[in-house]
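Data first, discussion second: the structure below is written as structure tokens.
The values are calculated or read from the model by the stated rules, or taken from the named source; none is laboratory data. Just so it is clear, the structure is predicted and the values come from calculations on it, not from any experiment. Neighbour counts run over all protein chains shown; Cβ positions are idealised from the backbone, glycine included.
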Amino acid sequence: MSPIFAVHYTLPLNGSKDRFWSNDTVEFTVTGGDITKSNADAVIVNLFEGVTAPGGGTGAMDRALGGVISQLIQQGDIRGKSGEITLIHTMGKVPTPRVIVAGLGKQKGFDIDAVRNLAANAVRFARKPGIKSVATLAHGAGIGGLDAEQCAQAIAEGALLGAYRFLKHKAPDENGSEITSFSIVESDAAKVPAMDAAARRGVIAAEATNFARDLANEPANHLNPTDLAARAEALARETGIEFEVLERADMERKGMGSLLSVAKGSAQPPKLIRMGYRGRAGEGWDLALVGKGITFDTGGISIKPAANMEAMKADMTGAASVVAALGAIARLQAKTNVVAIAPCTENMPGGNATKPGDVVTAMNGRTIEVINTDAEGRLVLADALCWAKELGAVHILDVATLTGAVTHALGDACVGLMTNNDAFCSKLEAASALAGEKTWRLPMFKEYDEYIKSDVADQMNTTKKGAGAIAGAKFLEPFVGDTPWIHMDIAGVDNMPADKGWIAKGASGYSVRAMINLALAMAES
Ligand code: BES
Ligand code: MN
Ligand code: ZN
């Protein structure tokens with residue numbers, strides 16, 4: 001099978017360093033053959049909880065090792081629990097020097113998410129000196145009974161997402177190791193071509209996610225709106241998609257007073273990025289992906305407390321995600337027309353900054369009383385949504401680290417969804433689930449409309465009544481009108497405290513693969 005080269009989009013930022021993160025290039029392949037013959041530096045096999053006599057590829061490896069795996073099961077050293085990883089040194093019994101037995105957990109309830117997470121955890125475990133090449137069974141496709149193509153894609157995603165680290169600003173670690181080749185070994189050669197194609201899709205989706213992670217992890221002094229636009233432009237060049245940036249003067253001409261009100265306090269010029277991918281004949285945009293791009297959120301005049309403010313370098317995760325997703329949608333040649341829009345600016349205090357009580361006017365003429373300058377995401381999104389409508393998008397999805405309140409509601413377990421269209425939202429829910437990304441819908445009852453009413457303008461940018469996440473969505477709703485629309489509040493999940501399965505510590509990459517899957521699903525219907 002032809003190797004899949006995982007090519008990172010990232011270009012040098014300042015030209016000062018030539019390494020960006022750990023897994024610059026991983027050659028990913030699907031090959032037909034006998035896993036016991038693999039001479040990779042490590043071979044990953046698997047075991048369901050409670051199985052005492054392993055079958056399939058794990059059974060074959062057990063026999064080749066003279067029954068070591070079943071003996072370890074008998075001794076109670078290997079139990080097959082989810083997340084359990086056991087390293088066996090093969091000492092010349094088979095060509096590979098190491099066999100890693102990864103626990104699949106209980107067979108009941110086993111699903112594709114478990115496969116993706118297992119691949120991620122196993123790759124993290126395999127990050128040891130001496131391990132450059134890894135071969136693995138197609139976990140889940142054997143006794144697990146899952147679809148072999150889905151497993152191949154999930155393993156590719158898990159491996160690349162699990163290998164991710166943001167090391168750009170750290171000295172190289174001499175004890176570290178980078179996996180440079182990863183292959184799925186499938187015993188049934190007839191299945192290999194389809195699995196290879198599926199793994200290729202997984203690589204593209206994971207690469208896009210890692211690209212978004214890189215942008216979100218980047219400190220704000222290394223990634224201001226101009227830098228973000230440059231990184232998006234490089235991606236657009238590489239994937240051959242349309243690219244355009246509206247400058248401050250363009251925004252003024254368009255009457256984007258809401259977006260501009262946020263940029264006023266910053267010395268950095270705002271950038272409104274637009275990228276377009278046309279995968280079908282004909283004009284029009286089937287889907288607009290709109291991402292909040294605050295490259296640093298101090299809160300502005302309503303300044304944030306110092307504790308954890310550094311996390312606000314990632315307040316452009318929505319922008320990073322829509323840009324990255326569009327690149328992948330183009331690489332996957334989805335048969336649909338998708339536009340990505342990212343309003344990018346810093347939110348800073350300063351002599352020229354917007355003040356609480358100021359009234360600003362968005363592109364559609366609606367006036368907004370800015371009660372709290374820290375509720376800036378909705379202000380930049382308002383004009384971006386107006387522009388998406390002007391461009392003729394027939395579905396709009398916005399992604400934003402919008403509210404701390406969504407964390408109060410849902411924690412870091414899932415994305416908060418708010419919508420004006422159930423059918424469209426169901427599609428995104430299915431697309432997210434396929435990606436292993438959890439979502440939960442919050443209500444948009446008309447009772448919440450009054451939460452954002454203002455005495456002096458058409459609406460205000462905060463609420464005094466609670467339900468902060470919903471109030472954020474209610475703020476946005478008038479800017480999309482009747483267009484089917486979903487608001488994804490990713491503020492609870494964009495930054496994670498620890499590695500966990502496919503999720504990486506720091507920028508998690510949440511929403512990228514959901515959007516890719518949504519575009520693919522919309523292309524089919
Ligand atoms: N970027 C923040 C939301 C956020 C908080 C994201 C924590 C990730 C982690 C947003 O701009 C913000 O400051 N929201 C305010 C809104 C409030 C002033 C109505 C918030 O949630 O406190
Ligand atoms: Mn804010
Ligand atoms: Zn913000």
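Scan the stretch 342-352 and tell me whether some residue there is buried (at least 19 other Cβ atoms within 10 Å of the Cβ), in the same structural domain as residue 296 (by TED's automatic domain parsing), more than 16 Å from ligand 2 (Cβ to nearest atom) and not polar (S, T, N, Q). The answer is yes; a qualifying residue exists. Going by what's in this entry, would residue 252 be described as without any contact (Cβ under 8 Å) to a residue 60 or more places away in the chain, acidic (Asp, Glu) and in contact with a helix residue (DSSP H, G or I) (Cβ under 9 Å, 6 or more places away or on another chain)? Answer is yes for this residue.
Hey, any hits in the stretch 290-297 for a residue that's more than 16 Å from ligand 2 (Cβ to nearest atom) and either touching a helix residue (DSSP H, G or I) at 6+ places or on another chain (Cβ under 9 Å) or modelled with pLDDT under 95 (or both)? Full working, then the answer.
Of the stretch 290-297, the ones more than 16 Å from ligand 2 (Cβ to nearest atom) are 290.
From the residues that got through so far, the ones that are either touching a helix residue (DSSP H, G or I) at 6+ places or on another chain (Cβ under 9 Å) or modelled with pLDDT under 95 (or both) too are 290.
The answer is yes, given that some residue of the stretch 290-297 is more than 16 Å from ligand 2 (Cβ to nearest atom) and either touching a helix residue (DSSP H, G or I) at 6+ places or on another chain (Cβ under 9 Å) or modelled with pLDDT under 95 (or both).
So which of 292, 264 is closer than 20 Å to residue 397 by Cα, charged (D, E, K, R), surrounded by 20 or more Cβ atoms within 10 Å (Cβ to Cβ) and out of contact with any Phe, Trp or Tyr (no Cβ under 9 Å at 6 or more places or on another chain)? Explain how you work it out, then say what you get.
On the way: 264 fails: closer than 20 Å to residue 397 by Cα.
It is 292.
For the stretch 398-414, indicate whether the set of residues that are within 30 Å of residue 296 (Cβ to Cβ) and among the charged types (D, E, K, R) is non-empty. Within the stretch 398-414, one or more residues are within 30 Å of residue 296 (Cβ to Cβ) and among the charged types (D, E, K, R).
Only one entry of 279, 284, 327, 300 meets the criterion of being at pLDDT 95 or above, within 16 Å of ligand 1 (Cβ to nearest atom) and not polar (S, T, N, Q), and that entry is 300.
Regarding residue 205, is this residue within 16 Å of ligand 2 (Cβ to nearest atom) and under 19 Å from the mean Cα position of the chain (by Cα)?
Values: within 16 Å of ligand 2 (Cβ to nearest atom): no; under 19 Å from the mean Cα position of the chain (by Cα): yes.
Answer is no for this residue.
Okay, residues lined up against (1) within 13 Å of ligand 3 (Cβ to nearest atom); (2) closer than 20 Å to residue 437 by Cβ; (3) among the aromatic types (Phe, Trp, Tyr); (4) outside the structural domain of residue 448 (by TED's automatic domain parsing):
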| residue | (1), (2), (3), (4) |
| --- | --- |
| 382 | no, no, no, no |
| 388 | no, no, no, no |
| 393 | no, no, no, no |
| 397 | no, yes, no, no |
| 404 | yes, no, no, no |
| 412 | no, yes, no, no |
| 415 | no, yes, no, no |
| 418 | no, yes, no, no |
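For residue 336, state whether it is within 13 Å of ligand 1 (Cβ to nearest atom), touching a helix residue (DSSP H, G or I) at 6+ places or on another chain (Cβ under 8 Å) and among the β-branched types (Val, Ile, Thr). It is false that residue 336 is within 13 Å of ligand 1 (Cβ to nearest atom), touching a helix residue (DSSP H, G or I) at 6+ places or on another chain (Cβ under 8 Å) and among the β-branched types (Val, Ile, Thr). Starting from the stretch 62-88, keep only residues that are in contact (Cβ under 8 Å) with a residue 12 or more places away in the chain, then list their pairs with residues that are exposed (fewer than 13 other Cβ atoms within 10 Å of the Cβ) and β-branched (Val, Ile, Thr) whose Cβ atoms are within a distance under 6 Å, requiring at least 6 positions of separation or different chains. That search, which allows pairs on different chains as well, returns 73/52. As for the stretch 428-451, it holds no residue that is in the same structural domain as residue 367 (by TED's automatic domain parsing), touching an Asp or Glu at 6+ places or on another chain (Cβ under 7 Å) and farther than 30 Å from residue 166 by Cα. Which number in (1) touching a strand residue (DSSP E or B) at 6+ places or on another chain (Cβ under 6 Å); (2) without any contact (Cβ under 8 Å) to a residue 60 or more places away in the chain marks the one condition that residue 237 misses? Tallying (1) touching a strand residue (DSSP E or B) at 6+ places or on another chain (Cβ under 6 Å); (2) without any contact (Cβ under 8 Å) to a residue 60 or more places away in the chain, residue 237 fails exactly one: (1). The residues of the stretch 394-435 that are more than 19 Å from the chain's Cα centre (by Cα), assigned to a helix (DSSP H, G or I) and buried (at least 18 other Cβ atoms within 10 Å of the Cβ), listed by number, are 405, 424.
Determine which member of the set 233, 283 is of a type outside the set (Gly, Ala, Ser) and either surrounded by fewer than 17 Cβ atoms within 10 Å (Cβ to Cβ) or more than 21 Å from residue 339 (Cα to Cα) (or both).
283
Residue 54 satisfies every condition listed in (1) within 32 Å of the chain's Cα centre (by Cα); (2) without any contact (Cβ under 8 Å) to a residue 40 or more places away in the chain; (3) buried (at least 20 other Cβ atoms within 10 Å of the Cβ) except (1). Only one entry of 462, 401, 439 meets the criterion of being of a type in the set (S, T, N, Q), within 26 Å of residue 499 (Cα to Cα) and within 16 Å of ligand 2 (Cβ to nearest atom), and that entry is 401. Selection over the stretch 498-525 of residues that are assigned to a helix (DSSP H, G or I) and within 14 Å of the chain's Cα centre (by Cα) gives a count of 7. Residue 216 meets the conditions (1) part of a helix (DSSP H, G or I); (2) hydrophobic (A, V, I, L, M, F, W, C); (3) more than 16 Å from ligand 2 (Cβ to nearest atom) in every case but one. The failed one is (3).
In the set (1) within 16 Å of ligand 2 (Cβ to nearest atom); (2) surrounded by fewer than 16 Cβ atoms within 10 Å (Cβ to Cβ), residue 253 fails one condition alone, (1).
Candidates 158, 145: the one that is in the same structural domain as residue 202 (by TED's automatic domain parsing), part of a loop (DSSP other than H, G, I, E, B) and not aliphatic (A, V, I, L, M) is 145. Checking each residue in the stretch 378-400 for being in contact with a helix residue (DSSP H, G or I) (Cβ under 7 Å, 6 or more places away or on another chain), of a type in the set (Val, Ile, Thr) and closer than 18 Å to residue 515 by Cα picks out 396, 399.
In the set (1) out of contact with any helix residue (DSSP H, G or I) (no Cβ under 6 Å at 6 or more places or on another chain); (2) hydroxyl-bearing (Ser, Thr, Tyr); (3) closer than 23 Å to residue 323 by Cα, the condition left unmet by residue 373 is number (3).
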